[in-house]
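Enquirer: Before I ask anything, let me first share the structure, which is written out below as structure tokens.
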Amino acid sequence: MKVLVIGAGAREHALVTALAADPVVDAVIAAPGNPGMAAIALCEPVEATDAAAVTALAARHAVDLVVIGPEAPLVAGVADAVREAGIACYGPSAEAARLEGSKSFAKEVMAAADVPTGMGRLCTSIEEVAEALDAFGAPHVVKDDGLAAGKGVVVTDEREAALEHARACLDKEGGAVVIEEFLDGPEVSLFVVSDGHTVVPLTPAQDFKRVFDGDEGPNTGGMGAYSPLPWAAPDLVDEVVRRVAQPTITEMALRGTPFVGTLFIGLALTSRGPRVIEFNARFGDPETQVVLARLLSPLGGLLYAAATGTLEQVPRLRWSDEAAVTVVIAAENYPGTPRTGDVIEGLDVVEEVPGAYVLHAGTRFGEDGTIVSAGGRVLSVVGRGADLAQARERAYAAVGRITLDGSHHRADIALQAVRGEVSVAGSV
Ligand code: AMP
Ligand code: GLY
């Protein structure tokens, strides 16, 4: 089987790595890819959101499967174009990707499918926003209704800051915001693979969205992740499949817009049970890096089965007992406009640390075979180990071998979990 992976981040580097390790996969092509992927895949300089170019590339290489990583091509209809050309595609249609592209659409589907989530109100004027903020009280949760690369949400105790973010979102053309009830409790990311009807859950992970230690500072795309979650209830995955994933997938099928791809369920584990914070229509980044680090079953067969409506026939997934931790190395000033063009050193010595490896995100080839920074999140350093403590030590030992001027990373990824300090408030 030949597979084309669309995207350029560490999530796609993890996907390419897992696909290349599947014995039924004989070639992986990445578009546009990055220098990390170039070591194991043929990288083609095609714009991920250009549906015609992606389809032509898939046809030219006669690939059997296209796997779409990021949200932008999904919302742009790239999966629709690929499928129309008769090529199997893992990734939802533009219609189905609205589960991520529109917070209000996601809320509507959740209501129809009776999925537990926080109360929310869609507002299109600042007066409505003010009223909703007062109705729900602090802490305030203000969400841009459209796509915002994980940066559209502000959670604050200050009414003025909430109003200011709402104004910025409303000022955009067709701008709308969702004001939401604050959900308390640890967050979990659970990805489920679906062929439009059947649901196969992956293993849960936890992400660190804020830029600084202790969950301070602005939201980012994600600064690190770990799996498994030793503190989570053993039946968490079953419960989320039963109450969230299956009802949502069934609702989308009933609407005539079946969801084929990864339904990313962002949850808060509140004292009243799991509540959906958000849906995404793709694998999460950086959670995918740790989830795939633990997947023992072949990935190519799984995604091909999802793309061709045959998930029911896939054997139960097998997971490693090992733990995985990933730490993101970000460029200076990320999540603001990042500084780029700096040489990255130490990449070649990382694998001296047992169980550690590097996935590339914002990198490009510089002169004389160097690798230089080219984006906000530059690298995702993964450590695997017998338990979280060992995986974490290895990830940070590897991070310590890399130098990138001006870069920063969080020092507390998986720390509370290792110390046994994460807990879900008892049910009432
Ligand atoms: P989202 O883009 O919807 O995932 O939101 C980004 C982050 O904002 C989430 O990971 C949470 O940390 C936080 N957040 C979003 N919605 C809520 C909520 N209703 N209550 C508490 N925190 C939230
Ligand atoms: N790490 C969260 C996301 O991919 O949106």
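Enquirer: Based on what the data block shows, is GLY222 away from ligand 2 (no atom under 16 Å from the Cβ) and on the phi > 0 side of the Ramachandran plot?
Expert: The answer is no for GLY222.
Enquirer: Check VAL199, VAL276, VAL241, VAL237 and return the single one that is touching a helix residue (DSSP H, G or I) at 6+ places or on another chain (Cβ under 8 Å) and more than 16 Å from ligand 1 (Cβ to nearest atom).
Expert: Answer to the check: VAL199.
Enquirer: Residue pairs, Cβ under 9 Å, 6 or more apart or interchain, first in segment 1-27 and in a helix (DSSP H, G or I), second of a type in the set (Lys, Arg). List them.
Expert: The qualifying pairs are ALA10/ARG377; ARG11/ARG282.
So that you can scan it fast, the table gives a plain yes or no per residue for (1) of a type in the set (Val, Ile, Thr); (2) more than 29 Å from ALA79 (Cα to Cα):
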site: ALA161; (1), (2): no, yes
site: HIS165; (1), (2): no, yes
site: PRO186; (1), (2): no, yes
site: LEU190; (1), (2): no, no
site: PRO201; (1), (2): no, no
site: ASP213; (1), (2): no, yes
site: THR220; (1), (2): yes, no
site: ALA232; (1), (2): no, yes
site: GLU239; (1), (2): no, yes
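Enquirer: Now for a different question. Residues that are farther than 24 Å from ARG98 by Cβ and open to solvent by less than 40 Å² (accessible area, probe 1.4 Å): list the strands (runs of 3 or more DSSP E) wholly contained in segment 205-316 that include at least 3 such residues.
Expert: Here the list reads 224-227.
Enquirer: Test ALA62 against the criterion of being of a type in the set (Gly, Ala, Ser) and surrounded by fewer than 22 Cβ atoms within 10 Å (Cβ to Cβ), and give yes or no.
Expert: yes
Enquirer: Have a look at GLY355, GLY341, GLY376, GLY362 and point out the one that is on the phi > 0 side of the Ramachandran plot, buried (at least 16 other Cβ atoms within 10 Å of the Cβ) and modelled with pLDDT of 95 or more.
Expert: Just a single option satisfies the conditions, and that option is GLY355.
Enquirer: Can you tell me which of VAL381, VAL349, VAL325 is assigned to a strand (DSSP E or B), without any contact (Cβ under 8 Å) to a residue 60 or more places away in the chain and within 30 Å of SER297 (Cα to Cα)?
Expert: Just one listed residue meets the conditions, VAL381.
Enquirer: Take segment 124-145 and flag every residue that is of a type in the set (Ser, Thr, Tyr) and open to solvent by less than 60 Å² (accessible area, probe 1.4 Å). Before the answer, list the steps.
Expert: First, the residues of segment 124-145 that are of a type in the set (Ser, Thr, Tyr): 124-125.
Residue satisfying the conditions is SER125 alone.
Enquirer: Read through the list (1) surrounded by fewer than 17 Cβ atoms within 10 Å (Cβ to Cβ); (2) touching a strand residue (DSSP E or B) at 6+ places or on another chain (Cβ under 8 Å); (3) at pLDDT 95 or above, then give the number of the only condition that GLY420 fails.
Expert: (2)
Conditions tested, residue by residue: (1) within 16 Å of ligand 1 (Cβ to nearest atom); (2) touching a Gly at 6+ places or on another chain (Cβ under 7 Å); (3) more than 20 Å from VAL241 (Cβ to Cβ).
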| residue | (1), (2), (3) |
| --- | --- |
| PHE264 | yes, yes, no |
| ALA268 | yes, yes, no |
| ARG272 | yes, no, no |
| LEU292 | no, no, no |
| SER297 | no, no, no |
| TRP319 | no, no, no |
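Enquirer: Still on this model: Among the residues of segment 224-231, are any in contact with a strand residue (DSSP E or B) (Cβ under 6 Å, 6 or more places away or on another chain), in contact (Cβ under 8 Å) with a residue 24 or more places away in the chain and among the aromatic types (Phe, Trp, Tyr)?
Expert: yes
One line per residue, one yes/no per condition, for (1) of a type in the set (S, T, N, Q); (2) open to solvent by 20 Å² or more (accessible area, probe 1.4 Å); (3) within 16 Å of ligand 2 (Cβ to nearest atom); (4) in a helix (DSSP H, G or I):
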residue	(1), (2), (3), (4)
ALA72	no, yes, yes, yes
ALA79	no, no, no, yes
ALA96	no, no, no, no
GLU100	no, no, yes, yes
SER104	yes, yes, no, yes
GLU108	no, yes, no, yes
ALA112	no, yes, no, yes
VAL115	no, no, no, no
LEU122	no, yes, no, no
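Enquirer: Now a separate question. Sort through LEU163, LEU183, LEU190 and tell me the only one that's part of a loop (DSSP other than H, G, I, E, B), surrounded by 14 or more Cβ atoms within 10 Å (Cβ to Cβ) and of a type outside the set (D, E, K, R).
Expert: Answer to the check: LEU183.
Enquirer: Of all residues in segment 352-373, count the ones that are farther than 26 Å from TYR226 by Cβ and part of a loop (DSSP other than H, G, I, E, B).
Expert: 2
Enquirer: Is it the case that segment 147-157 has a residue that's within 26 Å of THR250 (Cα to Cα), of a type outside the set (Phe, Trp, Tyr) and within 16 Å of ligand 2 (Cβ to nearest atom)?
Expert: There is at least one residue in segment 147-157 that is within 26 Å of THR250 (Cα to Cα), of a type outside the set (Phe, Trp, Tyr) and within 16 Å of ligand 2 (Cβ to nearest atom).
Enquirer: Among the residues of segment 169-180, how many are assigned to a loop (DSSP other than H, G, I, E, B) and either open to solvent by 20 Å² or more (accessible area, probe 1.4 Å) or within 16 Å of ligand 2 (Cβ to nearest atom) (or both)?
Expert: Qualifying residue count for the region: 4.
The values are calculated or read from the model by the stated rules, or taken from the named source; none is laboratory data. This structure is a prediction, so every number in the text was calculated from the model and none was measured. FYI the Cβ positions are ideal-geometry reconstructions off the backbone, even for glycines, and counts take in every protein chain you see. The protein model used for the area step is the full one, side chains on, heavy atoms only, and it has no ligands, DNA or RNA in it. Shrake-Rupley method; radii C 1.70, N 1.55, O 1.52, S 1.80 Å.
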